[in-house]
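Some notes on the structure that comes next.
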Amino acid sequence: MKKPKPEEPKEVILESGIKVKPVYGPEDIQDLDFEKKIGQPGEYPFTRGIHPLMYCQRPWTMRQYSGFGTAKETNQRFKWLLEQGQTALNVAFDLPTQLGLDSDDPLAEEEVGRVGMAIDTLQDLEEAFADIPIEKISTSLTINPVASVMLAMYLAVAEKQGIPWDQVRGTTQNDILKEYIGRGTWIFPVEPSIRLIGDVVEFCSQNVPKFNPFSVCGYHIRESGATPVQEMAYAFEIAITYIQEVLKRGLGIDDFAGRIAFNFDIYGNLWEQVAKFRAGRRLWAKIVKERFNAQNPRSMTLRMIAGGGGGGLTVQQPENNIVRGAYYALISALSGTQTMALCSYDEAYTIPSKKAALISLRTMQILADEMGLRDTVDPVGGSYYIEWLTDEMEKKIEECMEKVENQGGMVKGIESGYIQGEVSRQAYIRERKIQSGEVTKIGVNKYVMKEEKTEVEYHPFNPEVAEEQRKKLKKIKAQRNENEVRQALAGLKKAAQSKENVMHPVLKAVKSYATLGEITRIFKEVFGEFREPIGL
Amino acid sequence: MKKKNSSGEKRIRVVIAKPGLDGHDTGAKVVAHALKDAGMEVIYTGLHRTIEEIVNTAVDEDADVIGLSIYSGAHLPLSKKLMDRLKEMGVTDKLVLVGGNIPQRDIEALKSYGVTEVFPVGARLDDIVEFIRKKAGLKK
C-alpha cells in the first residue's frame, strides 16, 4: 500500500485579494524603513497606535449600541448599562426618527419604537437622559441626515442640566455618504446633505470643542458587502469629501481634523483586519499631512471605534456568535482602537436581550482585564507577517482610492450608483462563496446541525409604544407656543435657503419644541429629496 | 402546463422591493444579482417604498413575481398590507415572496395572508431561483 502524500498547503487568498505564503521571514520586510513606516506609538505615521502608551494607560472605551421603545424605557437601559461599568452611551433611534419623520406620520406607522427609541421633540430626549450626568459620559448619537437636529436637542438637554457646551463629549454619526452606500437612512440629495455636515463641523469647532461632529463609517460599507480594502478606501474618500467641504468655509485643517472619528468593522480574517487597521492609520496620517498640509500631529491620527462584526454572525447555532464576538473583540484590541463595541450573539436576528448585551460587555472587560491586552503597546508589531501584510493592505487601499478618484470622486460615484454597484456585487460574490462552501462559515456550511432548534428569543415589540408616543406628541403640540414655533421654523427656512449655518436656527427651533418632522420638512422644501440610482 | 423553451419566450420578471423605512438592502441586492444571473428580468424599487408604489410598479412592469425584503421586524403588517392592496386592485396573478429577518414562527401567518413562500436569512440563492422558475414557469 502507498503512503498518502503529505497534504500540500492550501492556497490562501484573503478577501482583499492578497495571496499569503505559509512562512514569512526577515527577507519579506527588508525594504521596510522602520522609522518611516512603523515608528513609535503616538508618533507619525501612527502605525502602532495614536497614543504613546495606548491601553497601558487607559483601556478602550466600551460602548454598546442600545435604545428601543420610548425614551423612558431607553433611559432605564442606559442607567443599567452605566451601572454595569459601561463608560459611554451609543444611542439607537427608531427608523422614523432617523429619517426625520414624526411618530404620527403615516409612513412611520409600523416602525415607531421598533429598532430604537422614538424622538419627536426635545421633551423625548430630555426624558432619555433624565438623571444621567451628561458631563461625565460621552454619547454617540447614531443618526445621519438629521444629525444637526439631534445634536441641537442634545445640546439643549445639556443646557437644561446646567452643563456648558464645552464640557459636552460625544459623537454624532452624521456620515451621510455611507448611508447612500449601505444602511439607507438618507433623505436629501447629496450636495445639500454634505453642506449640513459642514454646518455641524463648523458649529462644533466654535462651540462644542470636545464633540466629534462626524464619524465616517467604513463599517456599514463593509456590512453591505465591501472587502476590508474597499471599507477603508471608501471611508477615506468620504472623509476627504467632508474635509474639502469644511475647508471651503475658511477653517484650517488643524481646526477640526483632530475631531474626525471613524467607525470600522471587525469581522473576517483576524490578520487581515489587524493589518487593515495598522495600514489605515499609516495611510490616513499621510493623507492628512501631505494632501491637506496639517501641522498638528493630532489632526493626522485615525481615531476610531472598531467594533460590531454583525456581518460575521450567523442565525444558525446562535451561541457560536458569543465565541465569534470574543475573537472579534481580540481583533479590535489588537487593532489599537479607541472605542470598542460588539454585536451581541442574538443580534443576527433581533435587538439584543439584556443577557446578550451583558455577555458582550463582559467579553470586552475580560479581554481588557484578564488576557494581557493592556501589558504592552501593539504586541503584534514587528511580526514579519503582520508588517508585510500591513504594507500590502496599504498599497491595496491606495489603489482602490485611486479607482474612485479616477471615476470622478465619491460624490459622483454615489450619484451614478458606481460605488453601490461595486459593493453589492462584492456582497453577491461573498454570498455565493459561502453557499458553495468556498468560504467556511461554521454552522452554515460546515458542522451543520440538522436537528437544530431554530426558535430563539425575540425582542418583544410593543405596538402600544406608537400610540403612547402619538398621544405625547399631540399633548406637547397643544402646550407649546405656536407663534414661537412658526417664527423659529421661518428663520430656519431662511438660513437653509442662504449660506448661513443652520445650527443656530435649528437650536432655536428645537427649544421651541418644534418637532423633528417639522424641521425636516423645512429642509425637504429647500433641498428636495435624494433620487436613488439602481446600484446593482 | 409545460414551460416553453422557445427563444421568443418572455423572461420571468421580478420586482424586488424594499417597503417601509428599513434600509438594509444588501439581501435584496444579493437576491437581485442571483435572479439576473439566472436570466430573469429584475426591477429593483430602491429604498423607502410605500406598498402602493410597490404594487403599482409590479402592475406597470407586468411582473410575475414580487419579492419583498424586510429586516426591521415589520414584516407581518407590511406583507398584510401588500396582500390586501393586491386583492383590492384585483391583482391575483403574481407570486409574492418575502425575505429578510423573518422568525420561523411568523412564516405560517405570512402564508395565511397569501404570501406564496418565505425565504428567511440563510435561504439558499439556488433554492430561490429554482422556486421562481418552477412556479412562475407553471403560470405561463
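Around A:Tyr24, what is the net charge, scoring Lys/Arg as +1 and Asp/Glu as -1 over all other residues with Cβ under 13 Å from its Cβ?
Details: positive: A:Lys19, A:Lys21; negative: A:Glu27, A:Asp28, A:Glu387, A:Asp391, A:Glu392.
Every neighbour counted, the sum reads -3.
In what order do A:Asp265, A:Asp378 fall by count of nearby beta-carbon atoms within 10 Å, going from fewest to most?
Ranked by crowding around the Cβ, least crowded first: A:Asp378, A:Asp265.
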## Note on the structure
Here the FRET efficiency for A:Leu107 versus A:Val439, based on Cβ atoms and R0 = 45 Å and rounded to 0.05, is 0.75
#### Entry: region A:393-532: relative contact order as a whole-number percent, Cα under 8 Å and 6+ apart
14 percent
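Quick one: order A:Asp391, B:Asp84 by neighbouring beta-carbon count within 10 Å, fewest to most.
Details: A:Asp391 21, B:Asp84 14.
So the ranking, lowest neighbour count to highest, is B:Asp84, A:Asp391.
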### Summary
Here, A:Gln76 and A:Asn481, labelled 7 Å along Cα→Cβ, have an inter-label distance in nm of 3.6 nm
### Query
Mean separation of Cα pairs under 8 Å and 6+ residues apart, divided by the residue count of region B:13-139: what relative contact order is that in percent?
26 percent
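Please compute the length gained on full extension between A:Met371 and A:Val23, using 0.36 nm multiplied by the number of residues separating them and subtracting their Cα-Cα distance.
Details: separation 348, 0.36 × 348 = 125.28 nm, distance 2.67 nm.
Contour length minus Cα-Cα distance gives 122.6 nm.
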### Summary
Residue-ordered couplings for region B:125-136, obtained by feeding phi - 60° into the Karplus form 6.51 cos²θ - 1.76 cosθ + 1.60 and rounding to whole Hz (Gly and Pro as x), are 4, 5, 5, 5, 4, 4, 4, 5, 4, 5, 6, 6
#### Entry: Nearest-20 debye value, region B:13-139 charge dipole, Cβ charges on Lys, Arg, Asp, Glu
220 debye
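Rg to Rh ratio, region B:13-139, alpha-carbon atoms and Kirkwood radius?
Numbers: Rg = 12.9 Å, Rh = 14.2 Å.
Checking Rg against Rh, the ratio lands at 0.91.
Under 12 Å from the Cβ of A:Ser512, count the other residues' Cβ atoms, weight Lys and Arg +1, Asp and Glu -1, and hand me the total.
Numbers: positive: A:Lys477, A:Arg480, A:Arg486, A:Lys508, A:Lys511; negative: A:Glu482, A:Glu484, A:Glu518.
Spelling it out: positives minus negatives among the neighbours equals +2.
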### Message
Taking amide H atoms as placed 1.01 Å from N in the peptide plane, list the residues 5 or more away in sequence, or in a different chain, whose amide H sits under 5 Å from that of A:Ala88.
### Response
A:Met62
### Summary
HN-Hα couplings for region A:97-103 via Karplus (6.51, -1.76, 1.60; θ = phi - 60°), in whole Hz with x for Gly/Pro, come out as 4, 4, 9, x, 10, 6, 5
### Message
I'd like the mean, over residues of B:26-35, of how many other protein chain beta carbons sit within 10 Å of each residue's own Cβ.
### Response
6
### Using θ = phi - 60° and Karplus 6.51 cos²θ - 1.76 cosθ + 1.60, couplings along region A:323-333 (whole Hz; Gly, Pro as x)
5, 4, x, 5, 5, 5, 4, 4, 4, 4, 5
### Query
Going 7 Å from the Cα of A:Asp166 in the Cα-to-Cβ direction, what parts of region A:188-217 have a backbone nitrogen less than 20 Å from that spot?
A:201-213
### Task
Quick one: which residues, 5 or more positions from A:Thr171 or on another chain, have an amide H under 5 Å from its amide H? H modelled 1.01 Å from N in the peptide plane, none for Pro or chain starts.
A:Thr139, A:Ser140, A:Leu141, A:Asn212
## Note on the structure
Any GluC sites (Glu not before Pro) in region A:484-536 that lie in a DSSP loop and have at most 14 other Cβ atoms within 10 Å would be A:Glu500, A:Glu529
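In region A:465-531, which trypsin sites (Lys or Arg not before Pro) are in a loop and have at most 12 other Cβ atoms within 10 Å, using DSSP for the loop call?
For trypsin sites (Lys or Arg not before Pro) across region A:465-531 that sit outside H, G, I, E and B with at most 12 neighbouring Cβ atoms in 10 Å, the list reads A:Lys499, A:Arg531.
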#### Entry: Relative contact order [Cα under 8 Å, 6+ residues apart], region A:19-436, whole percent
18 percent
### Task
Could you list which residues have their amide H under 5 Å from that of A:Phe188, counting only those 5 or more apart in sequence or on another chain, with H placed in the peptide plane?
A:Phe530
### Query
Counting other C-beta atoms within 10 Å, which of A:Leu373, B:Leu68 has the fewest, and how do the rest follow?
A:Leu373, B:Leu68
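Work out the mean other chain Cβ neighbour count within 10 Å for the residues of A:109-117 and drop it here as an integer.
Working: counts 6, 13, 8, 0, 0, 6, 6, 0, 0.
Rounded to a whole number, the mean comes out at 4.
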### Task
Estimate the FRET efficiency between B:Arg85 and A:Glu457 by the formula 1/(1 + (r/R0)^6), using the beta-carbon distance for r and 30 Å for R0, to the nearest 0.05.
0.40
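Peptide B:14-25: average number of partner chain Cβ atoms within 10 Å per residue?
Values: counts 0, 0, 1, 0, 2, 1, 7, 17, 7, 11, 6, 9.
Shielding by partners across B:14-25 averages 5.
For chain A, count all C-alpha to C-alpha pairs, find those more than 35 Å apart, and express that count as a whole percent of the total.
Details: 49443 of 143380 pairs.
Beyond 35 Å sits 34 percent of the P(r) for chain A.
Read-outs throughout are calculated quantities, based only on the coordinates presented, and are distinct from any laboratory measurement. For clarity, every value in this text was computed on a predicted model and none was experimentally measured. All Cβ positions, glycine included, derive from the backbone under ideal geometry; neighbour counts span all protein chains shown.
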